[in-house]
Amino acid sequence: MTIKKSSKSSLFNCFKNQEPVHEPKPEKRTTEPSMSRNSVKRISHMDISSSDDLSKSLPGSNLYVFTFAELKVITQSFASCNFLGEGGFGPVHKGFIDDKLRPGLKAQPVAVKCLNLEGSQGHTEWLTEVVFLAQLRHPHLVKLIGYCYEDEHRLLVYEYMPRGSLESRLFQRYSIPLPWSTRMKIALGAAKGLTFLHEAENPVIYRDFKTSNILLDADYNAKLSDFGLAKDGPDGDDTHVSTRVMGTYGYTAPEYLRTGRLTIASDVYSFGVVLVELLTARKAMDESRPNREKSLAEWARPLLKSARKLSRILDPRLEGQYSETGAQKAAKLAYQCLSHRPKERPTMSVIVDTLEPLTRDFDETPFVYTAPTTLESPKKEAHKVVEKDNNDHHHHHQQHDRRLGRTKSGVVHCETDLDKNLSARTDSPE
Ligand SMILES: Nc1ncnc2c1ncn2[C@@H]1O[C@H](COP(=O)(O)OP(=O)(O)OP(=O)(O)O)[C@@H](O)[C@H]1O
Ligand SMILES: [Mg+2]
């Protein structure tokens, strides 16, 4: 099987005549891509070998190219008071941009992610992210505003997502629990993001769907972030791409882990895991639990079928404030997503259609957010999976990357000094 490669010259020619990528109008149909459905193949990170190449090959993307000095200024020298969190890629800081930085730039808070050169991810993941996000725009994908590619510096500048990641919302000990309808809204938003990727003319397999990669805006609209592991879907009649196994323990589809065969259905499995996390507020992988409960998907799947068993595993912090039929439908959907037979999993658009009514069928009291009283961060248990060449099945080699334990995502929700200085100009996060 082949990994799709694009021809550099034909791509460059195609893009010369291409219309700029615009933000889509308010969503009508969730799967509507913002890029016109022309026959243009997307640029691949393999087409780019220098910073010059990058800016020339993404002419319609409207991405800003920032200098490292500029990003230092907007984050107050990456001050700790602006620190939002850190994953496998490197630290993320809050900053603020406006038209003083570049004419025409909308005044807004941003999140600046800086590649840690000693980390587990590198230039390729950084470039993959820029190249995918430059060419894919959708209300349920986080917006990349620009980047910095200068000497050894590799940074990404995103729209700022005031409510941080779903992971911190769901598992932070001192925040009030997410209400049922908000959970369904988040699941639906994330499903729309994945549907867009899967139904694009050149489908994209996201490969790292998990709660920490689902970011939330002020209204709990979910947006997918982190395209570093994203992959072009299979070409032509191929049903899968063969590739080394990457992702996060607890979320990765069993057949992909076993064979290195990556399909769109692998994302659907990961979606099922996140749906169960939303239902139970248990983590996908929790080393502190007894052996048979460590992997949420394996433990929960048989329990999702029975209404009686389901009621026992639903997040107790919902305190009965959910629709019973809605919960059963969501659980049935998760059960199907977690099937060990990829072909039996529903497509993302079927998932969107199933979830849509579940966001409406329960009336609850308005959600009032109470700021956490402590900055204690949730302990991250997720382990990155990085397996070498699947062609070399007999030499599987796994690295359990525990670097995620250093994440301080709890800090996302405190008011940073920058907020205080700029509160007149920005929307206060919470
Ligand atoms: N656009 C953004 N707006 C607000 N906070 C953000 C934004 N992007 C990232 N963050 C925060 O920064 C932290 C680190 O994010 P990052 O995506 O680098 O790592 P992660 O998802 O936690 O782990 P992994 O490396 O496995 O993806 C997270 O807590 C996230 O909430
Ligand atoms: Mg992430």
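Some observations on this one:
- Within the option set G260, G233, G228, being over 25 Å from S181 (Cα atoms) and within 15 Å of ligand 2 (Cβ to nearest atom) holds for one residue only, G228.
- Out of L215, L197, sole residue that is closer than 22 Å to V157 by Cα, in the same structural domain as V268 (by TED's automatic domain parsing) and more than 16 Å from ligand 1 (Cβ to nearest atom): L197
- Scanning region 226-252 for residues that are open to solvent by 10 Å² or more (accessible area, probe 1.4 Å), under 19 Å from S168 (Cα atoms) and not aromatic (F, W, Y) turns up D226, G250.
- Lone qualifier among T239, T252, T248 - being assigned by TED's automatic domain parsing to the domain that holds A334 and away from ligand 2 (no atom under 16 Å from the Cβ): T239
- Residue, nearest to ligand 2 (Cβ to nearest atom), within region 175-208, restricted to residues that are part of a helix (DSSP H, G or I) and over 21 Å from A331 (Cβ atoms): G193
- Residue count, region 257-303 (criterion: surrounded by 18 or more Cβ atoms within 10 Å (Cβ to Cβ) and without any contact (Cβ under 8 Å) to a residue 12 or more places away in the chain): 2
- Annotation: of all residues in region 189-219 being among the polar types (S, T, N, Q) and out of contact with any Gly (no Cβ under 8 Å at 6 or more places or on another chain), the one that is farthest from P179 (Cα to Cα) is T195.
- Residues that are near ligand 1 (Cβ under 9 Å from one of its atoms), open to solvent by 30 Å² or more (accessible area, probe 1.4 Å) and touching a Leu at 6+ places or on another chain (Cβ under 6 Å) within region 143-176 comprise just one, R163.
- Number of the condition not met by P366 [criteria: (1) in contact with a helix residue (DSSP H, G or I) (Cβ under 8 Å, 6 or more places away or on another chain); (2) modelled with pLDDT under 95]: (1)
- Count - residues of region 177-194 that are under 17 Å from K223 (Cβ atoms) and either open to solvent by less than 10 Å² (accessible area, probe 1.4 Å) or within 16 Å of ligand 1 (Cβ to nearest atom) (or both): 10
- If you go through region 132-156 and keep only what is closer than 22 Å to V204 by Cα and more than 14 Å from the chain's Cα centre (by Cα), you end up with A134, Q135, I145, G146, Y147, L156.
- Looking across region 116-131, the residues that are at pLDDT below 80 and either under 14 Å from G146 (Cβ atoms) or surrounded by 15 or more Cβ atoms within 10 Å (Cβ to Cβ) (or both) come down to G119, S120, Q121.
- Taken together, K94, K113 contain a single residue that is crowded, with 17+ Cβ neighbours inside 10 Å, of a type in the set (K, R) and closer than 25 Å to A191 by Cβ, which is K113.
- None of L58, L84 is open to solvent by less than 40 Å² (accessible area, probe 1.4 Å) and at pLDDT 90 or above except L84.
The values are calculated or read from the model by the stated rules, or taken from the named source; none is laboratory data. Predicted, not measured: the structure shown is a model, and the values here were computed from it. Glycine gets a Cβ as well: all are built from the backbone with ideal geometry, and neighbour counts include every protein chain shown. Accessible surface is based on the protein model in full, side chains and every heavy atom, while ligands, DNA and RNA are left aside. Shrake-Rupley method; radii C 1.70, N 1.55, O 1.52, S 1.80 Å.
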